[in-house]
Amino acid sequence: MAATITNFHPLSLFSETDLCFNPTKLNFTRSSFITSPHSFPAIISHAHHQNTPPFSSSSKPKFKKTGVLDSPMKTQKLNLQVSPHRAVAAVRLMRIEFGGAFADLLNERGKGSGNNEMEYVERTLGFRTRDLEERDLRLVTDIVGGAIRWRKYLDYLILSLCHDEGSFRSMEPLLLQNVNLAKFALRPGAGNMVNGILRKLVSLKDKDSLPVPKLDGNDRAQARALATTHSHPVVVLLILFFSCFFICSLGTRANIAKGLTREDLVMKLNLLKVPHEPSLHLDDFVRVRRGMQTVIQNGFLKEGLCSVQDESAGLAVSVLDPQPDDCIIDCCAAPGGKTLFMASRLNGRGMISAIDINKGRLRILEETAKLQSVDGVINCIHADLRSFADSNKLKFNKVLLDAPCSGLGVLSKRPDLRWNRKLEDMEELKSLQDELLDAACKLVKPGGVLVYSTCSIDPEENEDRVFAFLIRHPEFQIDPVHSYVPPDFSTEQGFFCSCPVKHSMDGAFAARLIQSQ
């Protein structure tokens, strides 16, 4: 039996200490950006509306939609003045900005770190650094995540201190990790500009006088000020205020298919002196407050003994209630966190058809299933659910539709989502969710179960979609979830809902629907 580890981070987007913004949390040095679990990354320029690139016409990198460079560039000699983790972080952020790559999935095989990424540094920046070491990876993650998370406020800080807005806008999203990186990667004079801004920020921080937008004027002006202070698009901020605030947390699940119980996992964590506590809601989950890197470095994930998964995802699986001998289809499966948890609960009996339109992410699921010894009960299918449902004659007694959504419940882990969501995108998402629900219901056996889940806290993506579906499909009815999850997660309407502030986990939603016989 495998166990799940939940990694709970005290750093949160809207924690009690952050509701009143405290600029002193920003850590600045003149030559580097420092990020710790309790501090925001220092100055990073993320100007994304400008037209003049920081590269010469002969060296500007060309990105495909996947964020991969089209052609290699001639590299220069080894540059020891720029640290590899800063160079890699800069290139990662460029790929996210230019190519729309996910912050946590930066190439087709999901390998977004390590020596393979140094090639991108050479091809993009035109110089080589020393090799990226294992110890550098955490710094890369912190810089990239922090830069994306606080992009709007960091832009505001820099513009407040930069007298020539045109110069700032000309830097594009090549993030200014430090003065040396700016000197070597950008236009002449950029290093002086970065050095000057950093000096000003250090001085202001020492005086506790970092600039913060003023909360005055009409409602629209105040909303813009709050959005800048908390680094969110205005429309996302309004949805969050009408829904709930949330706290960052991660979850880790023990892999029962490997024969590791939660007690076994706890014993291993005790030996490593990793602070942890059992989940109050799921038998296979352990919440790790600090020391996730220790868990990773000791091979727990590589050996398939456990996996990182939020408790909210585990509770959504509990709503479906997978049992041995079940015939299940996971309609939007990749990269497979819920699929793998369901598979571990089948005890080797039954079958899960995992369908997804993304071939690369589906391949990750196949590889992870082998690693966790559950590949015998998972059949991966590369297809569009809508066309698959029209042509497929098979019916399943349990159907999970973990639908594409805005991700408003997981912004603490996926800060890139807040900048990739526009109002028109959310309208398109709701239409897509309706289409997928209509397709998924065709796969349910009479008397079978359909679970609709999201990682959003927006009622328009959750309850509203379910009620609209029930009007179109009166043969389905709500099966209250109180028999499958703790009462604290059950709403008056019979749905599952997790609130980040209330439950210290991701925001999520699930509805359990039964088709009439």
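Quick note: the coordinates plus some simple rules give every number you see, no bench work behind them. These figures come from a predicted structure and were not determined experimentally. Glycine also receives a Cβ, built like all others from the backbone with ideal geometry; neighbour counts cover every protein chain displayed.
Residues in region 465-503 that are assigned to a helix (DSSP H, G or I) and of a type in the set (Val, Ile, Thr): VAL466, ILE471, VAL481, VAL501.
Applying the condition of being under 17 Å from the mean Cα position of the chain (by Cα) and not hydrophobic (A, V, I, L, M, F, W, C) to region 127-161 and asking which residue is surrounded by the fewest Cβ atoms within 10 Å (Cβ to Cβ) yields ARG138.
The test for being more than 30 Å from PRO480 (Cβ to Cβ) and free of Cβ contacts under 8 Å to residues at least 12 places away in the same chain does not hold for ILE357. Remark: ASP356 matches the filter, which requires a residue to be among the charged types (D, E, K, R) and under 27 Å from GLU428 (Cα atoms). Among the candidates PHE476, PHE469, PHE489, the residue that is in contact with an Asp or Glu (Cβ under 8 Å, 6 or more places away or on another chain), surrounded by 15 or more Cβ atoms within 10 Å (Cβ to Cβ) and of a type outside the set (Val, Ile, Thr) is uniquely PHE469. The criterion of at least 3 residues that are farther than 19 Å from LEU437 by Cβ is met by the following strands (runs of 3 or more DSSP E) wholly inside region 324-383: 378-382. On the stretch given as region 471-502, residues that are out of contact with any helix residue (DSSP H, G or I) (no Cβ under 7 Å at 6 or more places or on another chain) and touching a residue at least 40 places away in the same chain (Cβ under 8 Å) total 6.
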